[in-house]
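Notes to accompany the following structure.
Read the figures in this text as sums done on the coordinates, not as results from a lab. All figures in this text were calculated on a predicted structure; none of them were measured in a lab. Using ideal geometry, Cβ is built from the backbone for each residue, glycine included, and neighbour counts are taken over all protein chains shown.
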Amino acid sequence: MKLVVFSDPHMTAGRPICGRSPAEWLGKAIDHAARHHADAAACVILGDLADSGAREEYVILKEGLARLPLDCRLMLGNHDDRAMFREIFPSAPVDANGFVQSAFDLGDVRCILLDTLSPGEGAGSLGGGRLEWLAATLASSDRPCLIFLHHPPIETGLRNFDRIGLKERSAFEALIAGHRHRVAGLFFGHCHMSIAGTVAGLPAFGIRSLTCQSLPNFRDGRFLAAPDLPPAYSVIRVQGGALTVHTIEFGYCGPVEESGDA
Ligand SMILES: [Fe+2]
Ligand SMILES: [Fe+2]
């Protein structure tokens, strides 16, 4: 089973981010995924769909995604506006409290998508019944599962990101620990960089942005943007309960040299 994962497209109504057009780079990612990974079971987008949460940004996103030949599952990040998103994407599944959370099965694997948007702040939350929804969802199936959320469920060691991390990280980890035999891995966005760690001993992967990349800053609390580092997306393979995560460097334009046996 193969999944395409996009993260942090930060759509705008034309304004460039780090000198790039988010719509143009979404289009390039879609073209690449359609050409190389049309056999994927679905595409998950890890939030920060829109840069400011404006209507036009979601409309541009929706128009762009119409060209993607994959079942597309959208999640929210701190830059999103839940009400506006739901207005433009009325068929997006929500939980009983209106959070954009859902679970769906792809073959033997259950994908669980969480909504960590906490309006008015950069940090993420699973309050308001969201953690309880996850507990019930995890308890409802014995299938191996993948968990997706925008905010990192790990301490990154980077002050800039840890101060806008997941507020209920300890409770989240305790919940995951109780279901660790069925969780194959966790995936998050928000950091705009490749980063990995563990949650209750399970692998967790941070995925690059479709628009602007960050560098890890171990020195102080500032964010470091790397405008020339190309966008990337990820492809996840789950085979017999084993997980593989690839970084797809679709923005790389340099030479590629082939060697070895065909
Ligand atoms: Fe972001
Ligand atoms: Fe974010």
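What to note about this one:
- Of all lysines in the structure, those lying under 24 Å Cα to Cα from LYS62, and not within fewer than 8 positions of it along the same chain, are LYS2, LYS28.
- Of the residues SER91, SER170, SER234, the one that moves most in a GNM of the chain with alpha-carbon contacts below 10 Å is SER91.
- Virtual spin-label span in nm between ARG163 and ASP142, 7 Å along Cα→Cβ: 4.8 nm
- Taking the Kirkwood radius as Rh and the Cα radius of gyration as Rg, segment 75-208 has a ratio of Rg/Rh equal to 0.94.
- Taking the Cα centre of segment 115-241 as origin and assigning +1 to Lys and Arg Cβ atoms and -1 to Asp and Glu Cβ atoms, the resulting dipole is close to 180 debye.
- Computed magnitude of the charge dipole of segment 59-132 (debye, nearest 20; Cβ of K, R +1, Cβ of D, E -1): 120 debye
- Sequence-distant contacts, meaning Cα pairs under 8 Å at least 6 residues apart, place the relative contact order of segment 103-244 at 19 percent.
- Label-zone membership for segment 199-216, site ALA242, 7 angstrom Cα→C-beta point, backbone N under 11 Å: none
- Residue-wise HN-Hα couplings along segment 171-185, as the Karplus relation 6.51 cos²θ - 1.76 cosθ + 1.60 with θ = phi - 60° gives them from phi, are 5, 4, 5, 5, 5, 4, 4, x, 10, 5, 5, 10, 9, 7, x Hz; Gly and Pro carry x.
- Pairs of Cα atoms nearer than 8 Å and 6+ residues apart set the relative contact order; for the chain it is 19 percent.
- Theoretical gain in end-to-end length, GLU258 to GLU63 [0.36 nm per residue, Cα-Cα removed]: 66.6 nm
- Take the Kirkwood radius over Cα pairs of the chain, plug it into Stokes-Einstein at 25 °C and 0.890 mPa s, and you get 133 µm²/s for translational diffusion.
- Trypsin sites (Lys or Arg not before Pro) within segment 203-247, DSSP loop, no more than 12 other Cβ atoms inside 10 Å: ARG219, ARG222
- Mean Cβ neighbour count within 10 Å, used as a protection proxy, ranking 7-17, 41-51, 249-259 highest first: 41-51, 7-17, 249-259
- The charge dipole of the chain, taken about its Cα centre with unit charges on the Cβ of Lys, Arg, Asp and Glu (plus for the first two, minus for the last two), comes to roughly 300 debye.
- Within segment 21-123, the ratio Rg/Rh, alpha carbon atoms throughout and Rh by Kirkwood, equals 0.96.
- Pairwise centroid distance, computed over Cα atoms, of segment 93-120 with segment 233-262, Å: 27 Å
- For the peptides 54-66, 110-122, the ranking by packing is 110-122, 54-66, with the highest mean count of neighbouring Cβ atoms within 10 Å listed first.
- Leading residue at positive end of dipole, segment 164-234 (Cβ point charges), from SER214, PHE187, ALA232: PHE187
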